[in-house]
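Asker: What follows is a structure written as structure tokens; I'll ask about it next.
The values are calculated or read from the model by the stated rules, or taken from the named source; none is laboratory data. Since this is a predicted model, take the numbers as computed values, not measurements. Here the Cβ is made from the backbone with ideal geometry for all residues, glycine too, and neighbour counts use every protein chain on show. All accessible areas refer to the heavy atoms of the entire protein, side chains included, with ligands and DNA or RNA removed. Shrake-Rupley method; radii C 1.70, N 1.55, O 1.52, S 1.80 Å.
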Number of protein chains: 2
Amino acid sequence: MSDLCPFLIPRGFRFGAAKAGVKASGRADFALIVADEPASAAAAFTSNKVTAAPLHIDKEHLTATGGKVRVVAINAGNANCAAGQAGLDAARATCAAAAQTFHCRPEEVFPSSTGVIGVPLPAEKLIVALPGLAQTIGPESDHFNEAALAIMTTDTVEKTAFARIEVAGAPGEAPREVRIAGLGKGSGMIYPQLVPHATMLVYILTDAAVEPAVLNAYLQPAVELSFNRISVDGDTSTNDTVLLLASGASGVSIGAGNPAFATALQQVCSSLARQVVADGEGLTHLVELQINGAANDADALRVAKAIAHSPLVKTAWAGCDPNWGRLAAAIGYSGAQIDPEAFEIRFGDLPVCSNGGCDPEFDEAAAHAYLEQAQFSVTINLHQGTGSCVFWTTDLTTEYIHINADYST
Amino acid sequence: MSDLCPFLIPRGFRFGAAKAGVKASGRADFALIVADEPASAAAAFTSNKVTAAPLHIDKEHLTATGGKVRVVAINAGNANCAAGQAGLDAARATCAAAAQTFHCRPEEVFPSSTGVIGVPLPAEKLIVALPGLAQTIGPESDHFNEAALAIMTTDTVEKTAFARIEVAGAPGEAPREVRIAGLGKGSGMIYPQLVPHATMLVYILTDAAVEPAVLNAYLQPAVELSFNRISVDGDTSTNDTVLLLASGASGVSIGAGNPAFATALQQVCSSLARQVVADGEGLTHLVELQINGAANDADALRVAKAIAHSPLVKTAWAGCDPNWGRLAAAIGYSGAQIDPEAFEIRFGDLPVCSNGGCDPEFDEAAAHAYLEQAQFSVTINLHQGTGSCVFWTTDLTTEYIHINADYST
């Protein structure tokens, strides 16, 4: 979503990026998000037990500050993961330098990394680049966009999303605006399973004033229904992070249970999640799975994940092949409660399978034509109950193999 | 394994194949295994809840006969799955015709199918081919091999395995020989999870005399350590079947707990399982995973399966890329108990990762050269306990995508 509007950037933040020389390509690879004042923070991190060094530091820092962040320092090109003590040292050194540059405590710095795993992060490159980068950060949409571009790895486009809500003022006063903006990256190793749910990096900013605990209560359900409902390849990363910062610069306080804020946040999360999967490595089809009639929501998710991770289903989609038997097999091994003679499959509105067998109205040519679209939906009804979910995934193409099999470590 | 020796075919069986016109290619697609007398039978079937029609019939028939089979009737080119009542009717019609041809009860016929899912099986083509096929079956290795070839689908080679054991005779008598031979097929949709553990079809024959219940007690552990330890793509099929038949024609009775028989059966199962995965669709590398030091065997299997099903790991292998970070990520999300600072990865004997980070002796060029081999091993030690497993899998190549994405339904 490159539809950037300057009036949508939350107030109280500055953004920027520099070429620190971590990416082999020489492109911008070091981004900063700097809050004018310590911002309230809520975060979600990967459930992978092999967790990158910056995530360990992030958790430590959020605990130490009670959920306050001044500086988010993000590098691309190196995940700073599985690098032992050297990795932790590199993250801490970056935080110390950023703290000095921006006159804050090291604990108020939130480091993030994405890129190759197992190679020590050259922190000195980031540290050297910091003073110059500090001179160029700013609050405009151009600055925001620079940061969004710098954090990309195999991404082909930057991912941003925006929302705003109006909050009624005091009697006689005009309504006031709260802005939410997010930036994210991710294309491969995409199956975020965040706990309390987060190689996807997402930063969401708002100028509302929100206490950290309240912010967290808004973030978790929004994450569950967005980033935890997408998969490119089923590989849950070691670095997935979603960070939500609230600067308070709008002057509007948002307490718990504000439905307009919750909805706007959900929209930004859903938009970013869908942008991540839509940029999945090598994809030619973006697929929306709608699972209905499951015994419960967990079963609906089981079916969605089995389908989203089936190489045979994903390669059939790559070939626009209406081979629904592969879907039936995935439904069968998903672990969900099913009746093999009751489930139903549709491609868009087209009936494909009913009562567990070929639908009498199945029109193979029409189904093939439908699957030729760049984006399509597969709807499954298990007829077991009222459980449901919506899940986004991709096909599996030779280009995915090329991207990931070309020896370049 | 095309090393066919006529002296290794178990006595008491005849084999053959015909071109019934089910395969679009026009190749042989209908195979028979006929026992001279009702043979003792034990079987294992897929755990997929969407189960092909012949498997329903097989279970019914084994129950009805108390584990006796005269005729195994196998077609390739059509899985007879998700075809509703028409599928069941087609399987029953085939059994009735085979029973008439071979003068047995329909319940003594064991039907099997493999191929496309969701298309009704044209039973009439099989039925028409039966009388001619009955004239050509025979007990020689050539007949055996015809059957092994006819059941192939995307397989590039037939899969067979042989073993024999000598059993001491009565005092003063010469030792007597028991033969075991297996034939199988499978290349894609290969992740057998058989219950009591089986688009893989495997038939194992012995001329020992074994009661069905005893035969079953031999089969299940052999299956667990062979067919349930392989995966090409993680797609558990609707049709997987392993059938073990004992004709008794050797005149040698095998009771429970005969270690020589158990070992020979295990060798045949392991050989066939490895042949199936070695013929995995599009593979360029066959990979043996050895997981050691897990908290328990179940955890070792969790790690093996996470690695075997990671597109990022499998594409790295396709590129001979020693990117061990992808292995570390898969270990981390496997669900197994791990210490991220304790695990160790080796490629063959080459140290790659130790204490959860890059091993000081990691030699990238040597690792790359090792991974260029057509077959290699990846050894992981979690240092958590004594759980272990050996698992066989493949890389993921553009050829796999071509095989499965070319629209040909």
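Asker: Can you give me the number of residues within the range B:43-84 that are more than 18 Å from B:THR206 (Cβ to Cβ), among the basic types (Lys, Arg) and either buried (at least 24 other Cβ atoms within 10 Å of the Cβ) or touching an Asp or Glu at 6+ places or on another chain (Cβ under 6 Å) (or both)?
Answerer: Matching residues across the range B:43-84 total 0.
Asker: May I pose another question? Does at least one position in the range B:102-113 carry a residue that is open to solvent by less than 10 Å² (accessible area, probe 1.4 Å), in a strand (DSSP E or B) and within 14 Å of chain A (Cβ to nearest Cβ)?
Answerer: yes
Asker: Something else about it: Applying the selection to the range A:322-339, what residues are touching a helix residue (DSSP H, G or I) at 6+ places or on another chain (Cβ under 7 Å) and of a type outside the set (A, V, I, L, M)?
Answerer: Answer for the range A:322-339, where residues must be touching a helix residue (DSSP H, G or I) at 6+ places or on another chain (Cβ under 7 Å) and of a type outside the set (A, V, I, L, M): A:PRO322, A:ASN323, A:ARG326, A:TYR333, A:SER334, A:GLY335, A:GLN337.
Asker: Something else: Under the condition of being more than 12 Å from A:ASN75 (Cβ to Cβ) and of a type in the set (S, T, N, Q), which residue from the range A:114-154 is least open to solvent (accessible area, probe 1.4 Å)?
Answerer: A:SER141
Asker: While we're looking at this one, here's another question. Suppose we filter A:ILE338, A:ILE401, A:ILE307 for residues that are facing another protein chain (nearest Cβ under 7 Å), in a helix (DSSP H, G or I) and β-branched (Val, Ile, Thr); which single one remains?
Answerer: Checking each option against the conditions leaves just A:ILE401.
Asker: I'd like the full set of residues that are of a type in the set (A, V, I, L, M, F, W, C) and at pLDDT 95 or above, limited to the range B:23-34.
Answerer: B:ALA28, B:PHE30, B:ALA31, B:LEU32, B:ILE33, B:VAL34
Asker: Looking at A:ASN381, is it within 9 Å of chain B (Cβ to nearest Cβ) and open to solvent by 10 Å² or more (accessible area, probe 1.4 Å)? Lay out the reasoning, then the answer.
Answerer: Values: within 9 Å of chain B (Cβ to nearest Cβ): no; open to solvent by 10 Å² or more (accessible area, probe 1.4 Å): yes.
Spelling it out, it is not the case that A:ASN381 is within 9 Å of chain B (Cβ to nearest Cβ) and open to solvent by 10 Å² or more (accessible area, probe 1.4 Å).
Asker: Yes or no: A:ILE345 under 21 Å from A:GLN384 (Cα atoms), more than 9 Å from every other protein chain (Cβ to nearest Cβ) and either among the β-branched types (Val, Ile, Thr) or in contact with a helix residue (DSSP H, G or I) (Cβ under 8 Å, 6 or more places away or on another chain) (or both)?
Answerer: Numbers: under 21 Å from A:GLN384 (Cα atoms): yes; more than 9 Å from every other protein chain (Cβ to nearest Cβ): yes; either among the β-branched types (Val, Ile, Thr) or in contact with a helix residue (DSSP H, G or I) (Cβ under 8 Å, 6 or more places away or on another chain) (or both): yes.
When the stated conditions are applied, A:ILE345 passes them.
Asker: Here's a follow-up. Restricting attention to the range A:386-408, which residues are touching a strand residue (DSSP E or B) at 6+ places or on another chain (Cβ under 7 Å) and open to solvent by 40 Å² or more (accessible area, probe 1.4 Å)?
Answerer: A:SER388, A:VAL390
Asker: Scan the range A:300-321 and give yes if some residue there is more than 28 Å from the chain's Cα centre (by Cα), within 19 Å of B:ALA82 (Cβ to Cβ) and open to solvent by less than 40 Å² (accessible area, probe 1.4 Å), otherwise no.
Answerer: Yes, that holds for at least one residue.
Asker: Just to confirm my filter: which strands (runs of 3 or more DSSP E) fall fully inside the range B:171-257 and include at least 1 residues that are surrounded by fewer than 22 Cβ atoms within 10 Å (Cβ to Cβ)?
Answerer: B:176-185
Asker: To continue, here is another question. Could you please give the count of residues in the range A:352-369 that are over 19 Å from A:LEU312 (Cβ atoms), open to solvent by 30 Å² or more (accessible area, probe 1.4 Å) and not in a loop (DSSP other than H, G, I, E, B)?
Answerer: 3
Asker: Would you mind stating whether A:ALA262 is open to solvent by 10 Å² or more (accessible area, probe 1.4 Å) and in contact with a Leu (Cβ under 6 Å, 6 or more places away or on another chain)?
Answerer: Details: open to solvent by 10 Å² or more (accessible area, probe 1.4 Å): yes; in contact with a Leu (Cβ under 6 Å, 6 or more places away or on another chain): no.
Considered against the rule, which asks whether it is open to solvent by 10 Å² or more (accessible area, probe 1.4 Å) and in contact with a Leu (Cβ under 6 Å, 6 or more places away or on another chain), A:ALA262 comes out as no.
Asker: Here are some residues: A:PRO120, A:PRO171. Which one is farther than 17 Å from A:LEU245 by Cβ, modelled with pLDDT under 95 and in contact with a Gly (Cβ under 9 Å, 6 or more places away or on another chain)?
Answerer: Step by step, each of A:PRO120, A:PRO171 is checked, and only A:PRO120 is farther than 17 Å from A:LEU245 by Cβ, modelled with pLDDT under 95 and in contact with a Gly (Cβ under 9 Å, 6 or more places away or on another chain).
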